[in-house]
Amino acid sequence: MREKVLHVEALSFGYTKQKMLYKDFNLSLHAGEIKAIVGESGVGKSTLFELILKNLKPIKGTLTCKRVSQVFQDPYSSFHPSYKIIEQIKDVAEIAEIDKYLESMNLDGSLLEKYSHELSGGQLQRASILRALLMKPQLLLLDEPTSALDNIIALDVMRMLLTHLDQMGMLLITHDKDLASWCSDEVIEIS
């Protein structure tokens, strides 16, 4: 059996007691699995990631996870504008295998010597995914990872991400139900 990288049991959380986003929510994820969380805006998809990252505290329940990294929906907010992309990657990850990842994501290494405002949204999102993978997580949180990419690049990036499933489990937030169905072992709809 594969290693469990995320375990959520009887999780309850709400910003107010009158409006609970989660009540006795359960979720398990193992290395080699990808599960998708889908739902309308405002139902708590990103809040679940904040709970997993321990940026928010549940009202009750338990939540345990292995080493985690995240790809944010907005790549511009995930990089500081005053530092080159490569410097921000080196701050959190070893770059020994960077060339292998650059090639698999069709990303030119010279782009990493630039600042975030010098890259397109798609280039910056792929740099964000690159950084997350180089951190060698056991759990990868993906918040709309393809929203800044055109359809062809998005498909290539998702295929590339799936090649890393043997090393980690992935939890995907998306509005795209077709994407979720295509790439996920399980689709969890939150309403």
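Points to keep in mind about this one:
- Restricting the stretch 8-25 to residues that are charged (D, E, K, R) and modelled with pLDDT under 90, the residue that is nearest to the chain's Cα centre (by Cα) is 19.
- Count of the stretch 55-79 residues, restricted to those that are in contact (Cβ under 8 Å) with a residue 60 or more places away in the chain and hydrophobic (A, V, I, L, M, F, W, C), is 4.
- Taking every residue in the stretch 37-54 that is surrounded by fewer than 21 Cβ atoms within 10 Å (Cβ to Cβ) and pairing it with any residue that is among the hydroxyl-bearing types (Ser, Thr, Tyr) and assigned to a loop (DSSP other than H, G, I, E, B), at least 6 positions away or on another chain, the pairs with Cβ-Cβ distances below 9 Å are 39/191; 40/191; 43/191.
- Residue that is nearest to residue 73 (Cα to Cα) [pool: residues in the stretch 142-166 that are within 13 Å of the chain's Cα centre (by Cα) and β-branched (Val, Ile, Thr)]: 146
- Residue in the stretch 81-92 that is within 18 Å of the chain's Cα centre (by Cα) and farther than 26 Å from residue 4 by Cβ present: yes
- Candidates 120, 104, 77: the one that is more than 29 Å from residue 20 (Cα to Cα), surrounded by fewer than 17 Cβ atoms within 10 Å (Cβ to Cβ) and at pLDDT below 90 is 120.
- Flag if residue 96 is surrounded by 15 or more Cβ atoms within 10 Å (Cβ to Cβ), more than 19 Å from residue 46 (Cβ to Cβ) and over 13 Å from the mean Cα position of the chain (by Cα): no
- Leading residue by the ranking (modelled with the lowest pLDDT) among those in the stretch 158-191 that are part of a loop (DSSP other than H, G, I, E, B) and among the acidic types (Asp, Glu): 176
- The listed residue being surrounded by fewer than 16 Cβ atoms within 10 Å (Cβ to Cβ) and at negative phi, out of 84, 57, 66: 57
- The set of residues in the stretch 134-160 that are hydrophobic (A, V, I, L, M, F, W, C) and in contact (Cβ under 8 Å) with a residue 40 or more places away in the chain comprises 134, 135, 139, 140, 141, 142, 148, 153, 157, 160.
- Test: residue 25 is under 25 Å from residue 152 (Cα atoms), of a type in the set (Phe, Trp, Tyr) and surrounded by 17 or more Cβ atoms within 10 Å (Cβ to Cβ): no
The values are calculated or read from the model by the stated rules, or taken from the named source; none is laboratory data. Because the structure is predicted, anything quoted here is derived from the model rather than measured. Here Cβ is always computed from backbone atoms with ideal geometry, including for glycine, and neighbour counts include all displayed protein chains.
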